[in-house]
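**Student:** Quick one: the structure is below, questions incoming.
Please treat every number below as a calculation from the coordinates, not as lab data. Please read these numbers as outputs of a predicted model, since none were measured by experiment. So basically every Cβ, Gly included, is an ideal-geometry build from the backbone, and we count neighbours across all protein chains shown.
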Amino acid sequence: MKLKILIITARYYKNFSKNLELYAAKVLYKHAKYKFVSVPGVFEIPVVISKNIKKFDGFIALGCVIKGETPHFNFISQATTGAIMKLSIDHKKPIGNGIITSLNKKQAFVRSKKKGQEAAKAVLSVLKNF
């Protein structure tokens, strides 16, 4: 039986999100069934995982946060990462963090080609070790 993975993608930065999804799916297609769900921004990712925690074997969180001129970047990044980690530990399910945090769009573009792939590999690795 194939593993069931939910990929939750924040669409705020659509170009980067598409890359993240593409590279995550390339890793998963032979090993798991996967479903995509979109949310407006990364802050909404943990609640979608929480609502679906019993339906899937693992999760991949994808999105992008780019630093601006206010502390908003720090609050969103820390709150989202903390919530994802708490869900993973509390429910003993792997959640690949493919959320890019970058200082500018150029960095985000470069990282969008690897981060989704890395998150998918991490989830598969953990699931295979259960």
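**Student:** Any idea which of Lys86, Lys93, Lys128, Lys114 is among the charged types (D, E, K, R) and either closer than 20 Å to Cys64 by Cβ or buried (at least 20 other Cβ atoms within 10 Å of the Cβ) (or both)?
**Tutor:** Being among the charged types (D, E, K, R) and either closer than 20 Å to Cys64 by Cβ or buried (at least 20 other Cβ atoms within 10 Å of the Cβ) (or both) holds for just one of Lys86, Lys93, Lys128, Lys114, which is Lys114.
**Student:** Could you look through region 1-17, keep only residues that are touching a residue at least 12 places away in the same chain (Cβ under 8 Å) and in a helix (DSSP H, G or I), and pick out the one that is farthest from Thr80 (Cα to Cα)? Working first, answer last.
**Tutor:** Going residue by residue through region 1-17, those that are touching a residue at least 12 places away in the same chain (Cβ under 8 Å) are 2-13, 15-17.
Next, only the ones that are in a helix (DSSP H, G or I) stay: 15-17.
Numbers: Asn15: 21, Phe16: 18, Ser17: 16 Å.
Only one residue tops the list, namely Asn15.
**Student:** Additional query: Find all pairs meeting these conditions: Cβ atoms under 6 angstrom apart; at least six residues apart or on different chains; first residue within region 41-67 and surrounded by fewer than 18 Cβ atoms within 10 Å (Cβ to Cβ); second residue among the polar types (S, T, N, Q) and part of a helix (DSSP H, G or I).
**Tutor:** none
**Student:** Is it true that some residue in region 27-48 is out of contact with any Cys (no Cβ under 7 Å at 6 or more places or on another chain), part of a helix (DSSP H, G or I) and farther than 23 Å from Asp90 by Cβ?
**Tutor:** yes
**Student:** Take Ile76 and tell me if it is of a type in the set (A, V, I, L, M, F, W, C), touching a residue at least 24 places away in the same chain (Cβ under 8 Å) and surrounded by 20 or more Cβ atoms within 10 Å (Cβ to Cβ).
**Tutor:** no
**Student:** Here is a list of conditions, (1) without any contact (Cβ under 8 Å) to a residue 60 or more places away in the chain; (2) assigned to a helix (DSSP H, G or I), and Ala24 meets all of them except one; can you say which number that is?
**Tutor:** (1)
**Student:** Would it be correct to say that Thr81 is under 20 Å from Ile5 (Cα atoms), in contact (Cβ under 8 Å) with a residue 12 or more places away in the chain and hydroxyl-bearing (Ser, Thr, Tyr)? Walk me through how you get there before you give the answer.
**Tutor:** Details: under 20 Å from Ile5 (Cα atoms): yes; in contact (Cβ under 8 Å) with a residue 12 or more places away in the chain: yes; hydroxyl-bearing (Ser, Thr, Tyr): yes.
Yes; evaluated as a whole, the condition is true for this residue.
**Student:** Just to be sure, is Glu21 surrounded by 19 or more Cβ atoms within 10 Å (Cβ to Cβ) and either of a type outside the set (A, V, I, L, M, F, W, C) or on the phi < 0 side of the Ramachandran plot (or both)?
**Tutor:** yes
**Student:** Checking the structure you have, find out if any residue of region 55-71 is in contact with a strand residue (DSSP E or B) (Cβ under 8 Å, 6 or more places away or on another chain) and part of a helix (DSSP H, G or I).
**Tutor:** Looking for residues that are in contact with a strand residue (DSSP E or B) (Cβ under 8 Å, 6 or more places away or on another chain) and part of a helix (DSSP H, G or I), one finds none in region 55-71, hence no.
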